[in-house]
Amino acid sequence: MIKTTLLAGAALLALAGATPVLAQQVVKIGAVYPLSGNSASTGNYAKMAFEMGVDLINNGNADLAKVFPLAKGGGLPGLKGAKLQLVIADNQGTPQAGANQTLRLITEEKVAGLVCCYQSAITVTASAVAEKYGVPMINGESVAANLTERGFKWFFRTTPVAADFATAYLTFLKEQKAAGLKTDSIAIVHENTEYGNSVSSVIADAFAKGGLNVTMKIPYAANGPDVQPQVLQLKEKNPDVVIFISYTQDAILYAKTMKELNWKPPILIADDGGFNDPAFTKQMGPVTEGLISRSVFAQGKPGSVAAIMDEIYKKKTGGDGLDDVSARALQAFFVLADAINRAGSTEPAKVQAAIKATNIKAEECVAGYDGVKFDDKGQNTLASTLVTQLKNSNYVAVWPKSRATDPLVLPYKGW
């Protein structure tokens, strides 16, 4: 009897060790985003997008399920219907808090993977923690060029990067020059963290190689109380084109100060960031009419993944549709959920292998990518971008013409 009992117990233990995921009812996905601080609005919109994604996978949506298999409901089919649980942490807008919260989610919450972190400077530190512990991290928004140049094996990025945006700006501005608009002098105004420093350098290098003249580079301290000196400097030199690389608080402050000092350039470009935050468009949209930005999100045709998810998101937020950042964050979340589902496991190495094998088609994306497929560095090789313009406090696609929904209107109107 004792021998039989021991054998039965050993068999049960072996079974439990071989298939731990089958007994698992919940799969935790961690998210580290700014829920307080300078970019809190952006982080909280991303949080609502993640919550929507969890609900769609766990509970389903009949319309979306026709074009998006994970929206059939019932949890993850590859894990016998295990439900997703979002565990979100506030990075407080600082690299140290981002690293600390990533560590907590890995060691205490035991997340199967992470989406993180919006700001590039925070992604740098948080991804180093995930790399050390061997936990997959997918980034949907940080565009600093060096993030995928560190030889990391557990870090993957779905978004286009600074070089992609620089190429888009270069081609766009050359087309405007050919159409008769002046682009002889270009100013780049950028905040001085990893995001601003990296992106400004990439744009300036691309423009120099492409024959456009960057005549001014104006770095500034992020989250400062006053940008009047920088705007007065712009007003004095009066460049034809200004490109801003800023987060939300700074974007609002620059828009207010430009109006107060009554200065505006013929072409004003925002490198997404704070200028695409709904908090900015609601508050400053009426005085920044015609602002150019880059984006990956356009609502798409009725019945498309993007259009259906946008409508679902509006119901969740009380009227605000998906914006560029929330759409990119949601795309990263779905890529991670899809990989865990295909892995049929929460074992890190199996999830990592599934991420590497990702091959998502354009029509399955909520972001306007050509798809999702990673290279050896973890960068999505099918990421793509478009140029949008702020009209009546909403961004609409204006370039390239093949993807435009509205005509481009220049010069910049402002107020």
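The values are calculated or read from the model by the stated rules, or taken from the named source; none is laboratory data. All values derive from a computational prediction rather than experimental measurement. Cβ: placed from backbone, ideal geometry, glycine included. Neighbour counts: every protein chain shown.
Values computed for the structure shown
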read-out	value
Test: residue in the stretch 343-355 that is at pLDDT 95 or above and either at positive phi or not assigned by TED's automatic domain parsing to the domain that holds Gly81 (or both)	yes
Residue tally, condition charged (D, E, K, R) and buried (at least 23 other Cβ atoms within 10 Å of the Cβ), over the stretch 227-256	1
Leading residue by the ranking (surrounded by the most Cβ atoms within 10 Å (Cβ to Cβ)) among those in the stretch 324-351 that are in contact with an Asp or Glu (Cβ under 7 Å, 6 or more places away or on another chain) and of a type outside the set (Lys, Arg)	Ala329
Of the criteria (1) modelled with pLDDT of 95 or more; (2) closer than 26 Å to Tyr369 by Cβ, which one Pro160 fails	(1)
Matching helices (runs of 4 or more DSSP H) fully within the stretch 219-322 where at least 1 residues are at positive phi	none
Filter result (over 16 Å from Trp415 (Cβ atoms) and either surrounded by fewer than 23 Cβ atoms within 10 Å (Cβ to Cβ) or under 15 Å from the mean Cα position of the chain (by Cα) (or both)) within the stretch 268-281	Asp271, Asp272, Gly273, Gly274, Asn276, Asp277, Pro278, Ala279
Qualifying residue in the stretch 189-209 (condition: in contact with an Asp or Glu (Cβ under 6 Å, 6 or more places away or on another chain) and over 18 Å from Gly274 (Cα atoms))	no
Residue, surrounded by the fewest Cβ atoms within 10 Å (Cβ to Cβ), within the stretch 119-141, restricted to residues that are in a helix (DSSP H, G or I) and charged (D, E, K, R)	Lys132
Selection status of Ala187, within 20 Å of the chain's Cα centre (by Cα), among the small types (Gly, Ala, Ser) and outside any loop (DSSP other than H, G, I, E, B)	no
Filter result (among the aliphatic types (A, V, I, L, M) and over 12 Å from the mean Cα position of the chain (by Cα)) within the stretch 145-172	Ala145, Leu147, Ala162, Ala163, Ala166, Ala168, Leu170
Residue count for the stretch 76-118, restricted to those that are acidic (Asp, Glu) and assigned to a loop (DSSP other than H, G, I, E, B)	2
Only one of Asn139, Asn100, Asn91, Asn59 that is closer than 21 Å to Asn380 by Cβ, of a type in the set (S, T, N, Q) and either modelled with pLDDT of 95 or more or in the same structural domain as Ile312 (by TED's automatic domain parsing) (or both)	Asn139
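Okay, residues lined up against (1) in a helix (DSSP H, G or I); (2) in contact with a strand residue (DSSP E or B) (Cβ under 7 Å, 6 or more places away or on another chain); (3) not hydrophobic (A, V, I, L, M, F, W, C):
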position	(1), (2), (3)
Val335	yes, yes, no
Ala339	yes, no, no
Lys350	yes, no, yes
Ala353	yes, no, no
Val366	no, no, no
Asp376	no, no, yes
Ser384	no, no, yes
Thr388	no, yes, yes
Thr405	no, yes, yes
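So that you can scan it fast, the table gives a plain yes or no per residue for (1) of a type in the set (Lys, Arg); (2) buried (at least 19 other Cβ atoms within 10 Å of the Cβ); (3) in contact (Cβ under 8 Å) with a residue 12 or more places away in the chain:
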{"residue": "Ala353", "(1), (2), (3)": "no, no, no"}
{"residue": "Ala362", "(1), (2), (3)": "no, no, yes"}
{"residue": "Gly368", "(1), (2), (3)": "no, yes, yes"}
{"residue": "Gln379", "(1), (2), (3)": "no, yes, yes"}
{"residue": "Thr388", "(1), (2), (3)": "no, yes, yes"}
{"residue": "Lys401", "(1), (2), (3)": "yes, no, no"}
{"residue": "Leu410", "(1), (2), (3)": "no, no, yes"}
